[in-house]
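Comments concern the structure below.
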Amino acid sequence: MSHIDRIARLKIELDDWRPAIWRRVEAPLGSSLKTLHDVIQAVMPFEDCHLFEFRADGQRFAIPDPEWDSMRGRTYSARATKLGALIDRGITKLTYTYDFGDDWRHTITIEATAAADPATDYPRYLDGARRAPPEDVGGITGFELFLEAIADPEHEQHDELMLWHGRTFDPNLLDEDRIRARIAKLARRRAQGKAAFAKGRSQMS
């Protein structure tokens with residue numbers, strides 16, 4: 001299967017949380033898993049402050065790091081592994097973990113592949129629900145405490161956590177304008193890369 005001008009529709013869902021926090025995106029099959037990491041960071045959104053890994057078909061994909069690789073097994077390069085190559089192997093689900101301290105685990109479902117729309121810039125955000133946890137909130141248990149405390153002005157940690165976060169937090173409010181701005185930045189970067197590649201090829205011919 002040729003990956004040129006083809007995309008995958010992906011659903012990204014945070015594990016172990018209800019009601020579900022999820023996003024749906026479209027990404028080119030030629031995207032590396034590092035690029036897919038960038039997409040997830042943009043749409044959740046997180047701030048890309050920590051290590052990450054993908055797992056699929058018993059293999060681990062990440063940015064090689066000697067300290068972590070010795071503990072977590074053989075690592076394949078997330079920069080060198082393409083989304084389309086995994087799909088060609090029949091993979092329909094991946095797991096993605098961000099921040100090995102907070103341990104944000106996600107399930108990525110490959111819902112469909114299709115021809116890319118020539119008039120559309122990719123990657124593209126489609127839809128989603130509910131706000132992602134704040135960076136460094138302390139994992140699932142920390143997020144539970146955070147939501148409980150900020151919702152109750154009488155909670156003993158209300159003032160502390162409001163000061164720590166620095167602004168209000170509505171778990172049901174998804175800031176889609178911010179998400180679209182962040183994903184558009186990735187799409188522009190991809191378009192610039194394609195244009196530079198095409199220019200280089202034309203100069204060589």
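The values are calculated or read from the model by the stated rules, or taken from the named source; none is laboratory data. In this text, all values refer to a predicted model and were calculated from it rather than measured experimentally. Cβ: placed from backbone, ideal geometry, glycine included. Neighbour counts: every protein chain shown.
Output the residues belonging to region 113-167 that are assigned by TED's automatic domain parsing to the domain that holds TRP17 and of a type in the set (Ser, Thr, Tyr).
Those that are assigned by TED's automatic domain parsing to the domain that holds TRP17 and of a type in the set (Ser, Thr, Tyr): THR113, THR120, TYR122, TYR125.
List every residue pair whose Cβ atoms lie under 9 Å apart, where the two residues are 6 or more positions apart in sequence or sit on different chains, the first residue falls within region 34-50 and is farther than 9 Å from GLU135 by Cα, and the second residue, located anywhere, is part of a loop (DSSP other than H, G, I, E, B) and among the aromatic types (Phe, Trp, Tyr).
ILE40/PHE46; HIS50/PHE100
Give just the number: which of (1) assigned to a loop (DSSP other than H, G, I, E, B); (2) under 15 Å from the mean Cα position of the chain (by Cα) does THR109 not satisfy?
Every condition holds for THR109 apart from (1).
Which residues, counting only those in region 128-153, are assigned to a strand (DSSP E or B) and under 14 Å from the mean Cα position of the chain (by Cα)?
GLY128
Among the residues in region 168-177, are any part of a helix (DSSP H, G or I) and closer than 30 Å to ILE7 by Cβ?
Yes, some residue in region 168-177 is part of a helix (DSSP H, G or I) and closer than 30 Å to ILE7 by Cβ.
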